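J.: This is the structure I have questions about; it appears just below.
The values are calculated or read from the model by the stated rules, or taken from the named source; none is laboratory data. All figures in this text were calculated on a predicted structure; none of them were measured in a lab. Counting neighbours? That spans all protein chains shown, and the Cβs are built from the backbone with ideal geometry, glycine included. Accessible surface is based on the protein model in full, side chains and every heavy atom, while ligands, DNA and RNA are left aside. Shrake-Rupley method; radii C 1.70, N 1.55, O 1.52, S 1.80 Å.
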Amino acid sequence: MGLAGGGAGAPTTARWLALHCTPRGRGAGAHPAYTLVSDVTAEHAMVEALSLNDRRLQLQLDLLNAPRGDTQELLDEGLAAAIALTASQLGYIFKYREAEQQLELHAWSRGAMDLCRVLAPQTTYDLAETGLWGEVVRQRRPIMVNAFAMPNPLKRGHPEGHVALERFLSVPVFDAGRIVAVIGVANKAAPYTQTDVLQLSLLMDGLWRVLSRLEVEAAQRATAEQLRQSQKTEAVGRLAGGMAHDFNNLLSVILNRADFSLAALEDPHSSPPRGDLIEDLREIRLAGDRAATLVRQMLAFSRRQVLELTTVDLNGVVSDFEQMLRRLLPEDTTLTVSRFPELWETVVDRGRFEQVLVNLVVNARDAIDGTGRIEIATCNSVLDETMAGRLAGARPGEFVRLTVSDTGSGMSQDTLAHIFEPFFTTKPAGFGTGLGLSMVEGLVQQCHGFVAVRSEVDTGTHFEIYLPRGRTAGRTVRQPRPDRGGRWPGVSALVVEDDAAVRSVLARILEGAGLVVTAVARSAEALAAAEAATRPIGLLVTSVVLPFMNGPELATRVTRLHPEIAVIFLASCADTRLIEARADGAGPGVLLKPFDAGSLLSHVRAALADGGRPPTHEEGQPDAGGTREALVEAGLHRRLTDALQKARLDDASRAVAELARVAPASAAALRSLLEQYDYDGALRWLRDAAPQHEVAP
Ligand SMILES: Nc1ncnc2c1ncn2[C@@H]1O[C@H](COP(=O)(O)OP(=O)(O)OP(=O)(O)O)[C@@H](O)[C@H]1O
Ligand SMILES: [Mg+2]
């Protein structure tokens, strides 16, 4: 039973009384004989305090356990808990900045928002301008006012439209002895008590601890992100630097060799030795080849290479490659291979994937000093949300997993953070370009997979390639083998390419093969030429990307005028989307830049003779006849075999370039095998071409 006491106008004080009545008589005639009244206000307060304590603990637990995104959410929830705990109607949380002596509003209860009619509420206050509510900071203690309407010299009045206050309680929040915030609640139906003060202080104390932890975590995340950004900048710098270095070397060769030849030919008083001219041109050609390889590598890690996607059984790839991989390893390194018996299929560019395998194994080999073990394993892998969450870049799903682990040197965390960056290498100059893993990651991501890596210094490294389980829909982009010559006298061809130098090269190659060429820069000119033609045009060679109307659209319009026309698209990396949309294996051919006469003419042959069917592998097989002597004479056989066995593409390319001087056709054949990383094919080719005593074991 609650009783209100106190005179009119004075604040009321509730007392709790207990009545104990002892009846006299029985049944209907019973009536109280005496009544004992005792004041139980203290006991009642204790019970209330205990239940409030329980509530506060429950609210604190809820605050701790609720998943939340940011500190503001926590503050809003904390304020709501404080209002509920003190049975108040309104509340606020201000953060206090001691250095500036300023209070900044951080949370403001819904109820107050609905009631507040202040037109432009202020959110930052100087402590000096605050009234009663600032006392909490000035006096460094809780302030409780249960009769707000009563006059108080500390009050400075509210702005017009402010919520009417009846009761008010505010407590300071301390952190290491400094006030960091104040919370205020207002308009409880009953008066605020010391229990409210205690529980509110405890609640805010707990809240601030969680808040501080969240703020520290957020700051750590921001620092990590900053670091990541600066590492990215560093990586881009390294990439640009690496590219610039390699291309500048190649350009130095091209520019100077071209100048030598020009100077010699332009001098009217001397006739340059033929041999010198040939040598200059060959060096230019070689530099061009190396630049093309470099561009291909860049495209691989920028995930923009054109892939020949097919359904692949990785066990098959591993089996086919096992022999060759063993040849890459020194005697005291053991290679074990374990194939998962019922491995799912996946979709990759098989040729490029072989390169992934070679690079991972070569890296493992290089990390092993002395005796060591490399293990290749395949497995089916189903990742759920939790498992995927543990691997960077992963997502849930069904994957085919290839693992390459070694007992080598392992990597420090610092090295590990950079391994996928192009041109990052810890190998001595001349031993690593630092492009291997960036290509691996690029290819795997382009195939919608991801790479996971674990490494421990002095223990070893464990690379995992995850590729999604699946089959192809059958669409692939195929590159025909280089052409061994072809003549199409009198066939008229329309060439559309906006780069004048490339256009002129195209025209020259095609004219050299007997075609009658009209070469234009724009699609409108091409359409006009197609309309004006008095006889059927047999071949359209068009760049995929053209201003105003792209190559595929142009081809559609020209085909309407010349239904029998064969089409070849010229593409570079950026056009892959357009190409993949059309390349279904039987449609128009797609020739990738950079091209040479061999590859262009091979596409022409495919387009004119087979309606776009790419030549078969057998058609493209190199003819070893006549090469034997050249190889032996030039001492190239041993060097080539060695380079191929060690998968040193650069060395092999150099040897092939030298071979080109004495046997250009054979060199072209070998180059084509190298470009597809078909090292075993190249070794077979060499075996067939060389005399028995030269054959490597
Ligand atoms: N299995 C491994 N064990 C230890 N370190 C490795 C391993 N694989 C890669 N690394 C580290 O990652 C770096 C980058 O590897 P990446 O394959 O990209 O380039 P590279 O091997 O140095 O040169 P490239 O592959 O172009 O010849 C290596 O230089 C090496 O420091
Ligand atoms: Mg490597």
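J.: With the requirement that a residue be among the acidic types (Asp, Glu) and crowded, with 18+ Cβ neighbours inside 10 Å, what does the range 526-542 give you?
T.: none
J.: When Ala224 is evaluated against the numbered criteria (1) under 29 Å from the mean Cα position of the chain (by Cα); (2) at pLDDT 90 or above, which criterion, by number, is the only one it fails?
T.: With (1) under 29 Å from the mean Cα position of the chain (by Cα); (2) at pLDDT 90 or above applied to Ala224, the lone miss is (2).
J.: Something else about it: Of the numbered conditions (1) in a loop (DSSP other than H, G, I, E, B); (2) in contact with a helix residue (DSSP H, G or I) (Cβ under 6 Å, 6 or more places away or on another chain), Ala429 fails exactly one; give the number of that condition.
T.: For Ala429, the exception is condition (2).
J.: Taking only the range 423-437 into account, find how many residues are near ligand 1 (Cβ under 8 Å from one of its atoms) and not hydroxyl-bearing (Ser, Thr, Tyr).
T.: 8
J.: Evaluate the range 298-318: report whether one residue or more is of a type outside the set (Ser, Thr, Tyr), in a loop (DSSP other than H, G, I, E, B), within 16 Å of ligand 1 (Cβ to nearest atom) and within 27 Å of Asp642 (Cβ to Cβ).
T.: Looking through the range 298-318, none of the residues is of a type outside the set (Ser, Thr, Tyr), in a loop (DSSP other than H, G, I, E, B), within 16 Å of ligand 1 (Cβ to nearest atom) and within 27 Å of Asp642 (Cβ to Cβ).
J.: Do we find that Val451 is at pLDDT 85 or above, more than 14 Å from Val312 (Cβ to Cβ), within 13 Å of ligand 1 (Cβ to nearest atom) and crowded, with 18+ Cβ neighbours inside 10 Å in this structure?
T.: It is true that Val451 is at pLDDT 85 or above, more than 14 Å from Val312 (Cβ to Cβ), within 13 Å of ligand 1 (Cβ to nearest atom) and crowded, with 18+ Cβ neighbours inside 10 Å.
J.: Here is a check on your reading of the model: is Thr461 assigned to a loop (DSSP other than H, G, I, E, B) and either within 11 Å of ligand 1 (Cβ to nearest atom) or aliphatic (A, V, I, L, M) (or both)? Show your work before the answer.
T.: Details: assigned to a loop (DSSP other than H, G, I, E, B): no; either within 11 Å of ligand 1 (Cβ to nearest atom) or aliphatic (A, V, I, L, M) (or both): yes.
Considered against the rule, which asks whether it is assigned to a loop (DSSP other than H, G, I, E, B) and either within 11 Å of ligand 1 (Cβ to nearest atom) or aliphatic (A, V, I, L, M) (or both), Thr461 comes out as no.
J.: Follow-up question, since we're still on this one. Quick check on my filter: what residues within the range 413-424 are open to solvent by 50 Å² or more (accessible area, probe 1.4 Å) and either outside any loop (DSSP other than H, G, I, E, B) or hydroxyl-bearing (Ser, Thr, Tyr) (or both)?
T.: From the range 413-424, those open to solvent by 50 Å² or more (accessible area, probe 1.4 Å) are 413-414, 417; that's our starting set.
Gln413, Asp414, listed by residue number.
Yes/no per residue for (1) open to solvent by 70 Å² or more (accessible area, probe 1.4 Å); (2) closer than 29 Å to Ser212 by Cα:
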{"site": "Arg167", "(1), (2)": "no, no"}
{"site": "Val171", "(1), (2)": "no, yes"}
{"site": "Ala176", "(1), (2)": "yes, yes"}
{"site": "Thr193", "(1), (2)": "no, yes"}
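J.: Turning to a different aspect of this structure: List the residue pairs whose Cβ atoms are under 6 Å apart, where the first residue sits in the range 527-551 and is not assigned by TED's automatic domain parsing to the domain that holds Ala606, the second is of a type outside the set (Val, Ile, Thr), and the two are 6 or more positions apart or on different chains.
T.: Listed pairs, sorted by first residue: none to list.
J.: Continuing with this model, one more query. Any residue at all in the range 425-440 that's closer than 19 Å to Gly393 by Cα, away from ligand 2 (no atom under 13 Å from the Cβ) and open to solvent by less than 20 Å² (accessible area, probe 1.4 Å)?
T.: Within the range 425-440, not a single residue is closer than 19 Å to Gly393 by Cα, away from ligand 2 (no atom under 13 Å from the Cβ) and open to solvent by less than 20 Å² (accessible area, probe 1.4 Å).
J.: Which residues, counting only those in the range 344-360, are within 15 Å of ligand 2 (Cβ to nearest atom) and either touching a strand residue (DSSP E or B) at 6+ places or on another chain (Cβ under 6 Å) or without any contact (Cβ under 8 Å) to a residue 12 or more places away in the chain (or both)?
T.: If the condition is that a residue be within 15 Å of ligand 2 (Cβ to nearest atom) and either touching a strand residue (DSSP E or B) at 6+ places or on another chain (Cβ under 6 Å) or without any contact (Cβ under 8 Å) to a residue 12 or more places away in the chain (or both), then Leu360 is the only one that fits.
J.: Can you find a residue in the range 590-605 that is assigned to a helix (DSSP H, G or I), at pLDDT below 85, open to solvent by 50 Å² or more (accessible area, probe 1.4 Å) and not assigned by TED's automatic domain parsing to the domain that holds Asp289?
T.: The answer is no; no qualifying residue exists.
J.: Now for a different question. How many residues, within the range 237-284, are open to solvent by 70 Å² or more (accessible area, probe 1.4 Å) and part of a helix (DSSP H, G or I)?
T.: If we filter the range 237-284 for residues that are open to solvent by 70 Å² or more (accessible area, probe 1.4 Å), which is where we start, we get 245, 248-249, 251, 255-256, 259-260, 262, 265-266, 268-269, 271, 273-274, 276, 279, 281-282.
Applying the additional criterion that residues be part of a helix (DSSP H, G or I) yields 245, 248-249, 251, 255-256, 259-260, 262, 265-266, 274, 276, 279, 281-282.
Looking only at that region, the number is 16.
J.: Go through the range 357-378 and give me each residue that's part of a helix (DSSP H, G or I) and away from ligand 1 (no atom under 12 Å from the Cβ).
T.: If the condition is that a residue be part of a helix (DSSP H, G or I) and away from ligand 1 (no atom under 12 Å from the Cβ), then Leu357 is the only one that fits.
J.: Quick one: what pairs do we get from the range 37-49, first residue assigned to a loop (DSSP other than H, G, I, E, B), second open to solvent by less than 80 Å² (accessible area, probe 1.4 Å), C-beta under 7 Å, 6+ apart or different chains?
T.: Val40/Leu17; Val40/Ala18
J.: Would you be able to say whether some residue in the range 389-408 is more than 17 Å from Val361 (Cβ to Cβ), without any contact (Cβ under 8 Å) to a residue 12 or more places away in the chain and away from ligand 1 (no atom under 16 Å from the Cβ)? Spell out the reasoning first.
T.: As a first pass, look at the range 389-408 and keep what is more than 17 Å from Val361 (Cβ to Cβ): 389-400.
Among the residues that remain, those that are also without any contact (Cβ under 8 Å) to a residue 12 or more places away in the chain are: 389-390.
Within this subset, residues satisfying the condition of being away from ligand 1 (no atom under 16 Å from the Cβ) are 389-390.
Checked against the condition, which is being more than 17 Å from Val361 (Cβ to Cβ), without any contact (Cβ under 8 Å) to a residue 12 or more places away in the chain and away from ligand 1 (no atom under 16 Å from the Cβ), the range 389-408 yields at least one hit.
Residue by residue, here is whether (1) part of a strand (DSSP E or B); (2) surrounded by 19 or more Cβ atoms within 10 Å (Cβ to Cβ); (3) within 16 Å of ligand 2 (Cβ to nearest atom) holds:
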{"position": "Gln323", "(1), (2), (3)": "no, no, no"}
{"position": "Arg326", "(1), (2), (3)": "no, no, no"}
{"position": "Glu342", "(1), (2), (3)": "no, no, no"}
{"position": "Asn380", "(1), (2), (3)": "yes, no, no"}
{"position": "Gly389", "(1), (2), (3)": "no, no, no"}
{"position": "Arg395", "(1), (2), (3)": "no, no, no"}
{"position": "Val404", "(1), (2), (3)": "yes, yes, yes"}
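J.: Out of the residues in the range 328-340 that are at pLDDT below 90 and open to solvent by 30 Å² or more (accessible area, probe 1.4 Å), state the one that is farthest from the chain's Cα centre (by Cα).
T.: Taking the candidates together, the pick is Glu331.
J.: Okay, moving on. I'd like the full set of residues that are at pLDDT below 85 and surrounded by fewer than 16 Cβ atoms within 10 Å (Cβ to Cβ), limited to the range 58-84.
T.: Scanning the range 58-84 gives Gln58, Leu61, Asp62, Leu64, Asn65, Ala66, Pro67, Arg68, Gly69, Asp70, Gln72, Glu73.
J.: Can I ask one more? Residue check: is His448 assigned to a loop (DSSP other than H, G, I, E, B) and more than 14 Å from ligand 2 (Cβ to nearest atom)? Let's see the steps before the verdict.
T.: On the way: assigned to a loop (DSSP other than H, G, I, E, B): yes; more than 14 Å from ligand 2 (Cβ to nearest atom): yes.
Yes; evaluated as a whole, the condition is true for this residue.
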